Structures are given as C-alpha cells and as structure tokens.
Amino acid sequence: MICKITKKKLIPFMSFGKMPIANGFLRKKQFKSEFFFNLEVGFSKSISLFQLNEHPKPKQMFNNNYPFFTGSSKGMIQHFKKYSQWVKKNYGKKIKHLIEIGSNDGTFLSNFDNKKINVMGFEPSKNVAQISRKKGIKTINKFFNFNNAKKFKKLKNNIDVITAANAICHVPNLISLIKGINFLLKQRGVFIFEEPYLGSMYLKGSYDQIYDEHIFIFSLSSINKIFNLFNFELIDGIPQKTHGGSMRYVIARKGIFKKSKRVNRLLLNEKLKNIDNYKGCLKFKKKCENSKKKLISMLKKYKKNKLKIAGYAATSKSTTILNYCNINTKYLDYICDTTKEKIGKYSPGMHIPVVSMDHFKNNPPDKSFLFAWNHKKEIFIKEREFTKKKRWFAHIKI
Ligand code: TMP
C-alpha cells in the first residue's frame, strides 16, 4: 500500500470491513449488483497523513446524480454565508477573480456579487452543477485538476482566491489539484479550504467520517507537510464547528505572508495530542472497536425491551456505522430523510428502507439513531417533542 502523495509505503492499521459506496442508495433490483470494497485506513508517516488504502473511482461517486445538495441544510447555508463574509473581510478587499473547487449547487458562491467579482465554480456532478448555473453562477462541470485548470490560459497566475469546502479530501490525485492551484493562483493569492478535522474525529471517536468519498482526513500537520512539498505553506488554521469539527486552512506561496500565531499554537497542540503521529492512529483504532461493542450491546438491549428503533437522516456517514457494526433491519425499521432522491430506496449494504419525514411523524419510533449528529442543533429544534422525550442516541456522545 502506497501513500497517494509521497508514493512511499503506507502503514495500514485498521479495516472497517466490506463497504458499499456511502451515497449508493439503491433499489431492490440493484441489490445483487451492489459494489463493495474493503474500507481500510493507513497512515503515511513522513507527512502525517491519514488516508484510505482502497477507494472507488471518483466517477463512481460524483456522477450525474450526486444526491447531496449543500442548500438542503439551513445550517450549512448560514455557515457558507459566514464563510464568504470571512473571506471577503480577510482576503477580499481587492479581489477580482475567485474560484471554488467543488461548488455543488452554488450555495457558497451565491454570496458573492458576480457583477463586482468574477466567480467561477468547478463541480463534477452534473445535477448539482445545473442548479448552480440556474443561479447565474459560471460553473464548469468538470473535476478541478491540472489538466482542466490549464485550459484557462488567460487566468494563469491571475486568481486572487481559490476556495473549497468539504471537497479536497475527496480528491485522490491531490498532486494534480495542487498543480492546478499553482497554475492559476496569483503570486499573492491564497487557497482557503475547510475539511473535517482529524483532531475532532480522534476526540469524538466519530469514525463515520471515514467513507469512500473521504479519501483523506486532514490535520494541520499533514496539510502543512503536503503543501511544503509544492512550495506552498500553511499560514493560518481556524477550527470550525461544521461536520462535527472541521478546520479551515489558509495556504499561500512560501515566504509571502507571515504565519499566524494561532496556526503555530494549533500545530504544537497536534504534536502534544499525537494527532501528527502513528500513536494517535492506534489509540483511535481502540476507540472504534470499543464504540462498536457498546453500540451493538445497546441495540440488543433496546430490542430485548421490544423497542421500535429507526434511523434519522440517511447520511453518507451512516453507511460506515451500519456496515461496520452490521446493523440491518433486525434493528432499524427504517431511516427517514428529507432528500427526495433517497426516499423509496434502500441504504447501501444493509438495505434498510429510506422513508420520508412524514413516515417518521406518523410512525415515531421509541428510539432514533441520529445519523446527522453534526446537525443536531437544527434537528433538536425541528423535532422538539421527540427531543423532549430523550429518544435520540448515536454511536458517539451527542
Ligand atoms: P450527509 O451527512 O451525507 O451530508 O447527508 C446529510 C443527510 O441528512 C441528507 O440526506 C439530508 C439529511 N437531513 C435530514 O434528513 N434532515 C435534516 O434535518 C438534516 C439537517 C439533514
């Protein structure tokens, strides 16, 4: 097994077993042809990088029917508004050109006035790219990589700010992506992106962050080391609450800007907490194994007491939990969700029916597995009555 960046040997340290595509919600007739791979993680010591060993091809995941719409969550709309305001305040005084990698339905880019700033999104999934275009946002329906970036010759070294959110960890050929950034970014330009944070995953034991689309789980140490290989450097890091704990990274060409005190402090903290080394991986592995045992015994207890259990929100993350812990319809009657593309289908691997929110309202379970635990604030308010009766549970503390 080889590190996707250094091409050096990777230390595989944990397998979550046979896993389907996390967002591969399917119909009954597709059960027999379902695709599985071994979800195994490894660590690249020289750059402190936590990564998947095997992963399906990106085209299998980001196809014409990608079932995730940023704009479907009020919390995310709000977050992207604040994120855009932060970019404008800190890096946007004179910006003329801004690019977003993985722009989804344009939720982030719609916060910029495209009469004043040239904004452009790269979005490989056709259905979401079309929604973004309908909002009047220039959207390239392609993966962002060196080859596709090079096609914009006029924009060479002309882009002030390149941004991304929850997209970079999806890209197996990170080297090509960084070369694309190098091609387009101005000398004093910055690349700002947010991703689920390894430190938060370790702390919470939220192993459900690990699935086919999350090829890497980054830390400040790994990002610092990766970008250093390409003449860039990490100049700031700002912790975020999204996705159960994310990190916003700011990257610039080497020697242009001063590194913030905050990023130096956070980097030191990663050393102290073993987030930058292999010890942290082994500790995390133990945490996952214990969490699995606890969850299964809790579900068995609920069933023994004849409780009706259902899942709330058919998230991509839920695929890892359900398949790793082998939780099927013996335990969960259904999973309710708001996404019309998922309703009427079955969950990947464990084949639990996905139903509408009306079904949840009309057939409330005794206990509900909150798979969208990262949106709990929004959901607890929406489901006030259910919350009052303390009926939620999850594989981690919520
Ligand atoms: P994700 O975690 O893979 O991004 O998916 C989030 C899923 O959660 C998506 O299918 C929509 C669903 N969801 C609900 O059903 N109700 C909610 O209140 C929220 C916030 C999300």
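The values are calculated or read from the model by the stated rules, or taken from the named source; none is laboratory data. Just so it is clear, the structure is predicted and the values come from calculations on it, not from any experiment. Here the Cβ positions follow ideal geometry from the backbone for every residue, glycine too, while neighbour counts run over all protein chains shown.
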Just to be sure before I move on: is Ile101 surrounded by fewer than 20 Cβ atoms within 10 Å (Cβ to Cβ) and within 17 Å of the chain's Cα centre (by Cα) in the structure I sent? no
Does segment 125-146 contain at least one residue that is assigned to a strand (DSSP E or B), of a type in the set (Ser, Thr, Tyr) and farther than 18 Å from Lys93 by Cα? yes
Take segment 338-360 and flag every residue that is away from the ligand (no atom under 12 Å from the Cβ) and part of a loop (DSSP other than H, G, I, E, B). Gly344, Gly349, Met350, His351, Ile352
Kindly indicate whether any position in segment 29-41 is farther than 25 Å from Thr107 by Cα, in contact (Cβ under 8 Å) with a residue 40 or more places away in the chain, charged (D, E, K, R) and surrounded by 17 or more Cβ atoms within 10 Å (Cβ to Cβ). no
Going by what's in this entry, would Met298 be described as surrounded by fewer than 20 Cβ atoms within 10 Å (Cβ to Cβ) and within 16 Å of the ligand (Cβ to nearest atom)? no
Identity of the residue in segment 75-98, within 17 Å of the chain's Cα centre (by Cα) and in contact (Cβ under 8 Å) with a residue 40 or more places away in the chain, that ends up surrounded by the fewest Cβ atoms within 10 Å (Cβ to Cβ): Gly75
Go through the residues of segment 166-184 one by one and say whether even a single one is small (Gly, Ala, Ser) and either touching a strand residue (DSSP E or B) at 6+ places or on another chain (Cβ under 7 Å) or part of a strand (DSSP E or B) (or both). yes
Any idea which residue in segment 1-28 is surrounded by the fewest Cβ atoms within 10 Å (Cβ to Cβ), counting only those that are of a type in the set (A, V, I, L, M, F, W, C) and in contact with an Asp or Glu (Cβ under 6 Å, 6 or more places away or on another chain)? Ile21
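To keep it simple, each residue is scored yes or no on (1) of a type in the set (Asp, Glu); (2) farther than 24 Å from Lys340 by Cα; (3) modelled with pLDDT of 95 or more; (4) touching a Gly at 6+ places or on another chain (Cβ under 8 Å).
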residue: Lys8; (1), (2), (3), (4): no, yes, yes, no
residue: Asn23; (1), (2), (3), (4): no, no, no, no
residue: Glu40; (1), (2), (3), (4): yes, yes, yes, no
residue: Ile47; (1), (2), (3), (4): no, yes, yes, no
residue: Asn53; (1), (2), (3), (4): no, yes, no, yes
From the list Ala372, Ala310, pick out the single residue that is crowded, with 19+ Cβ neighbours inside 10 Å and near the ligand (Cβ under 10 Å from one of its atoms). Ala372
Residue under question is Phe191, and the condition is that it be in contact (Cβ under 8 Å) with a residue 40 or more places away in the chain, more than 20 Å from Lys273 (Cα to Cα) and not in a helix (DSSP H, G or I); does it hold? yes
Can you tell me which residue in segment 209-256 is nearest to the ligand (Cβ to nearest atom), limited to those that are of a type in the set (D, E, K, R) and out of contact with any Cys (no Cβ under 9 Å at 6 or more places or on another chain)? Asp212
Please verify whether Ile235 is buried (at least 22 other Cβ atoms within 10 Å of the Cβ) and in contact (Cβ under 8 Å) with a residue 40 or more places away in the chain, treating the condition exactly as stated. no
So Ala394 clears everything in (1) away from the ligand (no atom under 15 Å from the Cβ); (2) without any contact (Cβ under 8 Å) to a residue 40 or more places away in the chain except one condition, right? Which one? (1)
Pairs, first farther than 11 Å from Phe369 by Cα and at pLDDT below 95 in segment 315-334, second within 12 Å of the ligand (Cβ to nearest atom) and assigned to a helix (DSSP H, G or I), C-beta under 6 Å, six or more apart: none
